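Read through the structure below, which is laid out as structure tokens, and then see the notes.
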Amino acid sequence: MSIAAVTPPAFRSIYERRSAAKVVVPVSRHRVIMAVQSSSVVSAAPILTKLKKDCATPLPVLRHVADAMAADMRAGLVADGVSDLKMILSYVDTLPTGNEKGLFYALDLGGTNFRVLRVQLGGKEERVIATEFDQVSIPPELMFGTSEELFDFIASGLAKFAQTEGGDFYLPQERTREIGFTFSFPVKQTSVDSGILIKWTKGFAVSGTAGKDVVACLNEAMERQGLNMRVSALVNDTVATLAGARYWDDDVMVSVILGTGTNACYVESIGAIPKLQSNDSKSGRTIVNTEWGAFSNGLPLTEFDREMDAESINPGEQIFEKTISGMYLGEIVRRVLIKMAQGGELFGNSISEKLMTPFALRTPDICAMQQDTSKDLGHVGSILYDVLGVLFLHSCFLAQC
């Protein structure tokens, strides 16, 4: 069995550090070196010592978490609403074989950007003939706007992308362009090309969409743009990752997403899904979307995890996602830095306004700091100053960590 995993390179080292019972707290000196009293260094060190202890994941803890997740998965397959893991049925019971031919479009909405893609497939012999894609940042105000505003913005970007079609891309006459819609939020799938939004996650709070068919929302927006395109499949990003990997390797059975959020899906036997009302699967199997970002049972949480969750737009929800995904790791580190500054005067007698700004420190920032292997950690100091307005520090702090 193979596993397809998608982890943006900038995030990988941070996930590995957290899973190894360590949060990367950037400590270094800026290009302008400033002296810090040794008493400040000593008073801040216990904060990191306690953090390391709270993040520890010895084997018994890992076994407990794994057993709890497996139990939640089994419960979610029996009935809806009885488990943190929704175990959503994808209605995808056949996967790519490599024989596919033609022009296909894809739209991926799952974070602070949306991506559009077109691909010309040539079957087993030619495989992928050509691909083109574009990525568009979603304005922050649309993440808290209305459903119509968000989908009109997406359809507009898709229409502009479709207008540039040419070259190696060919659509036979009288064929309507088909698009696969990767929608990386919890959806109750009702068929392969329809699904009702359960709730927004990953920092989105768009009004007027929950309880509606997201495919209908996109189709209506494309009609308003005059775009002749039809959604032929609605899939979660994990399902799309599994299907894409299966195009090249028919042993792939599981896919995992580690990005803005986190999720996993896998191929399950129909007989192992008691809640399945009807069995129309020709293969006897289907892909199950676990939505494991909502898992919480037995997870080791720090005070910083709890504080961030309490102040989030969805307190008590998506706990697993909040502890490991790119949307939140930078914020956790920022909160650690604040406590170190308050308890040990790590950055002097005052705390900068930037440091006190929620989500000012992003996960790519801490990834870049973690990758700084220079002796003076000058890049760390530069990021601390540019992003958080912090001038630091004294290298003797490293010895305390």
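The values are calculated or read from the model by the stated rules, or taken from the named source; none is laboratory data. Just so it is clear, the structure is predicted and the values come from calculations on it, not from any experiment. Every residue, glycine among them, receives a Cβ derived from its backbone with ideal geometry; neighbour counts consider all protein chains shown. Keep in mind that these areas ignore ligands, DNA and RNA; they rest on the heavy atoms of the full protein, side chains included. Shrake-Rupley method; radii C 1.70, N 1.55, O 1.52, S 1.80 Å.
Volume per residue for region 84-188 equals 143 cubic angstrom (convex hull of Cα atoms). Apolar share of the accessible surface for the chain: 53 percent from carbon plus sulfur atoms, 1.4 Å probe. Each distinct pair of alpha carbons in region 249-401 adds a 1/r term; the inverse of their mean, the Kirkwood radius, is 18.6 Å. The chymotrypsin sites (Phe, Trp or Tyr not before Pro) of region 349-393 that DSSP puts in a loop, and whose beta carbon has at most 16 other beta carbons within 10 Å, are Phe359.
Indicate, rounded to the nearest 5 percent, the antiparallel portion of the DSSP beta bridges found entirely in the chain. Looking only at bridges with both residues in the chain, the antiparallel portion is about 65 percent. Taking a ≥ b ≥ c as the square roots of the eigenvalues of the Cα gyration tensor, an a/c ratio of 1.5 or more together with a/b no larger than b/c marks region 39-119 as oblate. Label positions at Thr146 and Glu220, each projected 7 Å from the Cα along the C-beta direction, are separated by 1.0 nm. Ala155 sits among other residues whose Cβ lies under 9 Å from its own Cβ, and their net charge, with Lys and Arg +1 and Asp and Glu -1, is -2.
Relative contact order of region 277-374: 24 percent, from C-alpha pairs under 8 Å at least 6 residues apart in sequence. Only helices enter this figure: runs of n ≥ 4 DSSP H residues, each worth -39500 (n - 2.57), summed and divided by the residues of the chain, yield -11000 deg cm²/dmol at 222 nm to the nearest 500. Can you give me the angle between helix 38-54 and the longest principal axis of the chain, using Cα atoms only, in degrees from 0 to 90, rounded to the nearest 10? Tilt relative to the chain: about 40 degrees. At an R0 of 35 angstrom, the distance between the Cβ atoms of Ala210 and Ser350 translates into a FRET efficiency of 0.25.
Under the simplified labelling scheme, the Gln135-Glu307 pair shows an inter-label distance of 3.1 nm, with each label point 7 Å from Cα along Cα→Cβ.
What net charge is computed for the residues neighbouring Asp309, neighbours being all others with C-beta under 13 Å from the C-beta of Asp309, Lys and Arg scored +1, Asp and Glu -1? Result for the neighbourhood of Asp309: -4. With q set to 0.08 Å⁻¹, the log10 of I(q)/I(0) for the chain, from the Debye formula over equal scatterers at the Cα positions, is -0.50. The mean sequence separation of alpha-carbon pairs under 8 Å and at least six residues apart, normalised by the residue count of the chain, gives a relative contact order of 27 percent. One chain, two ends: Thr112 and Asn99. Fully extended at 0.36 nm per residue, the span grows by 1.3 nm beyond their Cα-Cα distance. If you take every DSSP beta bridge fully contained in region 186-283, what fraction is antiparallel? Give it as a percent rounded to 5. The answer is about 100 percent antiparallel. Taking label points 7 Å from Cα along the Cα-to-Cβ direction, Leu62 and Phe359 give a separation of 3.2 nm. Could you compute the FRET efficiency for Arg127 and Asp280, with r as their C-beta to C-beta distance and R0 at 25 Å, rounded to 0.05? FRET efficiency, Arg127 to Asp280: 0.25. Accessible surface area normalised per residue over the chain is 47 Å², counting heavy atoms of protein chains with a 1.4 Å rolling probe. Measuring nothing but how far apart in sequence close Cα pairs (under 8 Å, 6+ apart) lie, relative to its length, region 145-275 scores a relative contact order of 26 percent. Taking the Cα of Arg175, stepping 7 Å toward and past its beta carbon, and measuring to each backbone N in region 120-148: which are under 14 Å? Residues 120-123, 129-130 fall inside that zone.
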